[in-house]
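*Asks:* Dumping the structure here so I can ask a few things about it.
The values are calculated or read from the model by the stated rules, or taken from the named source; none is laboratory data. The model shown is predicted, which means the values in this text are computed figures rather than measured ones. Neighbour counts run over all protein chains shown; Cβ positions are idealised from the backbone, glycine included. Note: accessible area is taken over every heavy atom of the protein model, side chains too, but ligands, DNA and RNA are not part of it. Shrake-Rupley method; radii C 1.70, N 1.55, O 1.52, S 1.80 Å.
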Amino acid sequence: MQMLRRPFQVGWAAVAALASSPAWAEGAAAAQDLSRYKEESVPGGNLMLIAYMILWALLGAYALRTALRQSRSERDLAALQDRLDRLTAHPEKAEK
């Protein structure tokens, strides 16, 4: 337990030293004053939004298709397993 305590103490000391530094305080003050920046817009923002929506729709359709194919494969595998179990339970029927 003593081995684990030392790295945490060093880590917290580093965080405390960093938080009390003048550069940290200047960065925090600058981050709060955003009034000097004007509002920006992305050219073609609507097209970008539509492109992302299409991308997510395609990814969703792919995931749905994969899930449906997996469930169909599981059903087929279960049917094959049942058939194999029936044939191995009654080998005389398999010879016919």
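*Asks:* With each label point set 7 Å from Cα along the Cα-Cβ vector, what nm distance links MET53 and ASP82?
*Replies:* The answer from the label model is 4.4 nm.
*Asks:* While we're on this one: LEU58: accessible area at probe 1.4 Å, nearest 10 Å²?
*Replies:* 120
*Asks:* Further question: Give a quick list of chymotrypsin sites (Phe, Trp or Tyr not before Pro) in the range 37-96 that DSSP marks as loop, anything other than H, G, I, E or B, with at most 13 other Cβ atoms within 10 Å.
*Replies:* Values: sites: TYR37, TYR52, TRP56, TYR62; in loops: TYR37.
Hits after loop and neighbour filter: TYR37.
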